[in-house]
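None of the figures in this text is laboratory data; all of them are computed from the coordinates on show. Small disclaimer: the values here were computed from a predicted structure and weren't measured. All Cβ positions, even for glycine, are placed from backbone atoms using ideal geometry, and neighbour counts span all protein chains on display.
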Amino acid sequence: MARSSHPAHDLHEGLHRFEDAATGLHGVIAIHSTAVGPAAGGCRFWSYANPQMMMNDALRLAQGMSFKNALAGLPLGGGKAVIQRPAGDFDRRRLFAAFGRAVQSLGGDYVTAEDVGTGVADMEVVRGETRFVAGLPPQGGRPGGDPSPWTALGVKLAIEAAIRWRHGRGLDGATVAVQGLGAVGRDLCRRLHAEGARLVVADVDAGRVAEVARLYGARAVAAEAIHAVPADVFAPCALGGVLGERVVERLGSAIVCGAANNQLASVHDGQRLLDRGVTYCPDYVVNAGGIINVAAEYLGQGAAEVEAAVAAIPVRLQQLLARADRERTPAGAVADQMARQMIADAGRRNAA
Ligand code: NAI
């Protein structure tokens, strides 16, 4: 297995490339920071158009994890693994075992878990090679397993907090436009429906749309139109980069609050949202429920600690929105400033 690292990269401690001809593994582990603790973040399995795009995704996502973990108050740094999905046939077990050996070779600087394209079964294979992995089946009532329900709970609480902050009312009767009905989006719809919210939904998978429409009385719209639907909240729960200039111009909601990582297509889009009077709830603050559960599993904590930490998400969000409002600064920029400060403080403490 070949391993290379580029620790000189701007804002990252390390970038490790892994290739294993025997299994077709071709991937990258980016470590943004270990100042607060071991770099934790999931493993994405995806078809990238080229190696540069794969590397950029790893770097972007690793920094996002650093910021997310810091603001969630976790004793963890930020990292991310991305693996290129082989074009032809491949042995998934052998490929994830090779990935497990790659994680092990970093000696605990990076802790992996599920992300888009990977699941609990993959992490069990990884566990055969390294202990630096979470997202395994829960044991003895302890936190573990699929983190998506915790992510969905955190997003639901954040949506509720944002509506209350902006309009002074609750979820009952509010309309939420949910983009993406995967593990998080579906469970979010269930929770919103249970609290009396009206749902408008879209997914590229027609079966998922039909299921959510049937179960929760959701109104289905075309995937290209979901952001423009008149609603109280637009909840992006598919992939990142959704809030570009054209989408921001056509937004049908005054609040954006969803699970997807890296929702802003560029740094300018945070300002665009502010200029249009849209309350943007920073993605990594809102979607921290999953990593909170993963961290509790890895750190050996119990369900009560997970519940308390997830319940803190809406509190932190409201504080952040209030500060962004006072300072007339995009909420995402305020969150980034707070996270950078916390990481720098931890770095100084470590050096002292
Ligand atoms: P998933 O892969 O289970 O679901 C994604 C869904 O989005 C799929 O149903 C897919 O068909 C749909 N989709 C893809 N492109 C679309 C488009 N253009 N328009 C509408 N729908 C589209 O992923 P999951 O786990 O639900 O995660 C959703 C997002 O939340 C991702 O961005 C992920 O990185 C983020 N996230 C997930 C966490 C988790 O605990 N699963 C934790 C934190 C963030």
Original post:
Which trypsin sites (Lys or Arg not before Pro) from the range 107-179 combine a DSSP loop assignment with at most 14 other Cβ atoms within 10 Å?
Top reply: 131, 169
Original post:
How far, in nm, would the chain grow between residue 267 and residue 308 when pulled straight, counting 0.36 nm per residue and subtracting the alpha carbon separation?
Top reply: 11.6 nm
Original post:
For the chain, can you list the cysteines whose C-beta has no other cysteine C-beta under 4.7 Å from it?
Top reply: 43, 189, 237
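Chymotrypsin sites (Phe, Trp or Tyr not before Pro) within the range 76-162: which are DSSP loop residues with at most 13 other Cβ atoms inside 10 Å?
Within the range 76-162, the qualifying chymotrypsin sites (Phe, Trp or Tyr not before Pro) (loop, at most 13 other Cβ atoms within 10 Å) are 90.
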Original post:
Once label points are set 7 Å from the Cα along Cα→Cβ at both residue 326 and residue 215, what is their separation, rounded to one decimal in nm?
Top reply: 4.1
Original post:
Does anyone have the angle between helix 289-299 and the longest principal axis of the chain? Alpha-carbon axes, 0 to 90°, nearest 10?
Top reply: 30
**OP:** Show the residues, 5+ positions off or on another chain, whose built amide H is closer than 5 Å to the amide H of residue 255.
**Re:** 234, 279
Subject >> residue 25 long-range amide H proximity, modeled H, under 5 Å >> reply: 20
Subject >> Estimated FRET transfer efficiency (residue 53, residue 142; beta-carbon r; R0 25 Å; 0.05) >> reply: 0.10
Original post:
What's the center-to-center distance, using Cα atoms, between the range 83-151 and the range 233-266 in Å?
Top reply: 28
**OP:** Rounded to the nearest 0.05, what FRET efficiency do residue 172 and residue 124 give with R0 = 45 Å and r taken as the Cβ-Cβ distance? Could you check?
**Re:** 0.65
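All other residues with a Cβ under 14 Å from the Cβ of residue 97 taken together, and with Lys, Arg as +1 and Asp, Glu as -1, what is their net charge?
Neighbour charge sum, excluding residue 97 itself: 0.
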Original post:
Which of the GluC sites (Glu not before Pro) found in the range 192-267 are loop residues per DSSP with 11 or fewer other Cβ atoms within 10 Å of their Cβ?
Top reply: 224
